1. Yes or no: region 81-92 includes at least one residue that is in contact (Cβ under 8 Å) with a residue 60 or more places away in the chain and open to solvent by 80 Å² or more (accessible area, probe 1.4 Å).
2. Quick one: would you say ALA122 is closer than 30 Å to LEU18 by Cβ and open to solvent by less than 60 Å² (accessible area, probe 1.4 Å)?
3. Output yes when any residue across region 20-27 is small (Gly, Ala, Ser), at negative phi and part of a helix (DSSP H, G or I), and no when none is.
4. Give the residues of region 82-101 that are of a type in the set (A, V, I, L, M, F, W, C) and either closer than 22 Å to VAL112 by Cβ or part of a helix (DSSP H, G or I) (or both), sorted by residue number.
5. Taking LEU76, is it free of Cβ contacts under 8 Å to residues at least 24 places away in the same chain, in a helix (DSSP H, G or I), farther than 19 Å from LEU148 by Cα and of a type outside the set (Lys, Arg)?
6. Return the pairs, sorted by first residue and then second, in which the second residue is among the basic types (Lys, Arg) and open to solvent by less than 70 Å² (accessible area, probe 1.4 Å), the first residue lies in region 35-64 and is touching a residue at least 12 places away in the same chain (Cβ under 8 Å), the beta carbons are less than 7 Å apart, and the residues are 6+ apart or on different chains.
7. Given the criterion surrounded by 14 or more Cβ atoms within 10 Å (Cβ to Cβ), touching a Phe, Trp or Tyr at 6+ places or on another chain (Cβ under 8 Å) and not charged (D, E, K, R), identify the matching residue among LEU70, LEU18, LEU74.
8. Considering only residues that are closer than 23 Å to ALA157 by Cα and without any contact (Cβ under 8 Å) to a residue 60 or more places away in the chain, which ones fall in region 22-31?
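The values are calculated or read from the model by the stated rules, or taken from the named source; none is laboratory data. Just so it is clear, the model here is predicted, and its values are computed rather than measured. With ideal geometry, Cβ positions are generated from the backbone for all residues, glycine too; neighbour counts draw on all protein chains shown. Ligands, DNA and RNA are stripped out before the accessible areas are found, and what is left, the full protein with its side chains, is counted by its heavy atoms. Shrake-Rupley method; radii C 1.70, N 1.55, O 1.52, S 1.80 Å.
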Amino acid sequence: MKSRILTGLAAFFVLLLLLVPDDFAALSPWALLAIPLEALVGVAIVVFLPPRARTIVGIVAGVLLGAISLLKLLDLGFGVTLSRQFDPLSDWSLFRAASEWVSESFGKPGAVVAVVVAIVLALALPVFATLSILRLSRVVSVRRALALRVVAGLAVAWVALAVLGVRCTP
């Protein structure tokens, strides 16, 4: 029972990371009602890989998903505070100003806690994404036939909804 709950949480976490938009205006419950094509392709690839390659692909995919999700969170934060997206090449200097603002608003302990939480989140996101993808890849490899049927059904639904122009977001 515990393993099923952990697998469900891993699937929810990966879907959440795939579906959360990088724009605050698009952030709504409707944004999470979609079929992520990346997940379908990922499952279809993982089903046919041998165990060692499946692990390597899972690690790479998890790290990439975690890094992309971290950039999405930075885009959300920058969009709310500065009305623009995060620029990975030039915006790193703004973190010092943000730390100083938190220090002035909440004191030095508040700034230290905020920096520690940000660092832990930046490290934990790729780690949990990787662990979730590895768990899901193990489940998919054990239940190949079921996984392929589900992927095929969802792919047909994805294509049908795309052809009909159905959008979940208002």
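1. The answer is yes; a qualifying residue exists.
2. When the stated conditions are applied, ALA122 passes them.
3. Yes: region 20-27 contains one or more residues that are small (Gly, Ala, Ser), at negative phi and part of a helix (DSSP H, G or I).
4. Hits for region 82-101 are LEU82, TRP92, LEU94, PHE95, ALA97, ALA98, TRP101.
5. No.
6. From residues that are touching a residue at least 12 places away in the same chain (Cβ under 8 Å), the pairs are VAL46/ARG54.
7. Only one candidate passes the filter, namely LEU74.
8. Passing the criteria: only PRO29.
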